[in-house]
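Down below is the structure, laid out as structure tokens.
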Amino acid sequence: MENSTFIGLDVHKASIPVAIARGERGGEVRHWGSVPHRPDHIRKLVEKLAAGGARLQFCYEAGPCGYGLHRQLVEVGHDCIVVAPSLLPMKAGDRVKTDRRDAVMLAKLHRAGELTGVWVPDAAHEAMRDLIRARATAMRVTGKARQHLQGFLLRHGRIYPGKKGWTGAYRRWLATVHFTHPAQQIVLQDYIDAVADAEARVGRLTGQIADLLPSWSLAPVVTAIQTMRGVAFIVAVTVVAEGRGLPALRHSAAADGVSRADPVGAFQRGERAPRRDHQGGQRPCPARPDRRRLELPDAGTGQSEASRAA
């Protein structure tokens, strides 16, 4: 511990402010400076800080810059943790936030052992995660494209007479919709083409995920999770790729439109899923009845508690 140097990094796209905390109790904590966010400058920083033979322990907050910095520091033989930003201890009333103060705070908390690290995936796992997130983005784009088309039709009084949209019958009905003005017909066809392109993108990405799954080291885990009731292929592969485990199954199933997600929630909690009203709010549980007011017979005696009190 005394031979260790704790280093806080406030990582940004172009630069990384650096703070150092000496390992001994009450050791110096100072802002070291800032370096460009480039692999060659990171390597020079590590060489300077490790010149005295100190053991370096780095930390930085998880963010949009990813885990490349973590992998580089670990490959050169030093410890590094990626910190969960939501679990950082914060002083009440401390609202001043600068890059320099953030780096110093990270170094202090790392030396005190107050930081909670996140799980860092390897390069192959992160690649599969990127592919799965691309499909999730395509699903959102598909939903927006369908919404734009349906809003356009509703605005002009073209109402589908059936009960459920985006079925075969609904698509055949779309082919019968026509507008007298050429501009509106162009808009209709453009919206239809946008939906078709988005759906083709989702199907293409889904097929690519299925093709790459056998070469993934966690493919057996995906297969095992699919044996649970209500868990489809995309739900299972998403949960495994995101590294969330069983507690995320119910939310992933609901987000992907998979039915029968409640048994999964009951499995992870060991109980029945809570009832919810039509707006998604949880219904309050009824109060437990008072046995004395109801004058129910006590088990084994046949007399109510109120009768015995009398």
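The values are calculated or read from the model by the stated rules, or taken from the named source; none is laboratory data. If you're wondering where the values come from, they're calculated on a predicted model, not measured in any experiment. Cβ atoms come from the backbone with ideal geometry, glycine included; neighbour counts cover every protein chain shown.
The table below gives the values:
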| item | result |
| --- | --- |
| Conditions (1) more than 30 Å from residue 215 (Cβ to Cβ); (2) touching a strand residue (DSSP E or B) at 6+ places or on another chain (Cβ under 8 Å); number of the one not met by residue 91 | (2) |
| Residue match in the stretch 43-50 (condition: closer than 15 Å to residue 110 by Cβ and either in contact (Cβ under 8 Å) with a residue 40 or more places away in the chain or not small (Gly, Ala, Ser) (or both)) | yes |
| So residue 134, is it modelled with pLDDT of 90 or more, exposed (fewer than 12 other Cβ atoms within 10 Å of the Cβ), hydrophobic (A, V, I, L, M, F, W, C) and under 30 Å from residue 219 (Cβ atoms) | no |
| Test: residue in the stretch 143-150 that is surrounded by 15 or more Cβ atoms within 10 Å (Cβ to Cβ) and among the polar types (S, T, N, Q) | yes |
| Sole residue being over 11 Å from residue 59 (Cα atoms), of a type outside the set (Gly, Ala, Ser) and surrounded by fewer than 16 Cβ atoms within 10 Å (Cβ to Cβ), chosen from 101, 129 | 101 |
| Subset of the stretch 14-35 that is surrounded by fewer than 13 Cβ atoms within 10 Å (Cβ to Cβ) and either of a type in the set (Gly, Ala, Ser) or modelled with pLDDT of 95 or more (or both) - its residue that is farthest from residue 100 (Cα to Cα) | 26 |
| Any pair with Cβ under 6 angstrom, 6 or more apart, that starts in the stretch 76-93 at a residue that is under 17 Å from residue 113 (Cβ atoms) and ends at one that is of a type in the set (S, T, N, Q) and surrounded by 14 or more Cβ atoms within 10 Å (Cβ to Cβ) | 79/57 |
| Helices (runs of 4 or more DSSP H) fully within the stretch 189-257 counting 1 or more residues that are touching a helix residue (DSSP H, G or I) at 6+ places or on another chain (Cβ under 9 Å), under 24 Å from residue 165 (Cα atoms) and modelled with pLDDT under 90 | 249-255 |
| Residue 117 being closer than 24 Å to residue 238 by Cβ and at pLDDT below 95 | yes |
| Odd one out for residue 83, checked against (1) modelled with pLDDT under 90; (2) crowded, with 18+ Cβ neighbours inside 10 Å | (1) |
| Meets criteria (farther than 23 Å from residue 123 by Cα and in contact (Cβ under 8 Å) with a residue 60 or more places away in the chain) for residue 237 | no |
| Residue within the stretch 177-186 that is over 30 Å from residue 72 (Cβ atoms) and touching a helix residue (DSSP H, G or I) at 6+ places or on another chain (Cβ under 6 Å) present | yes |
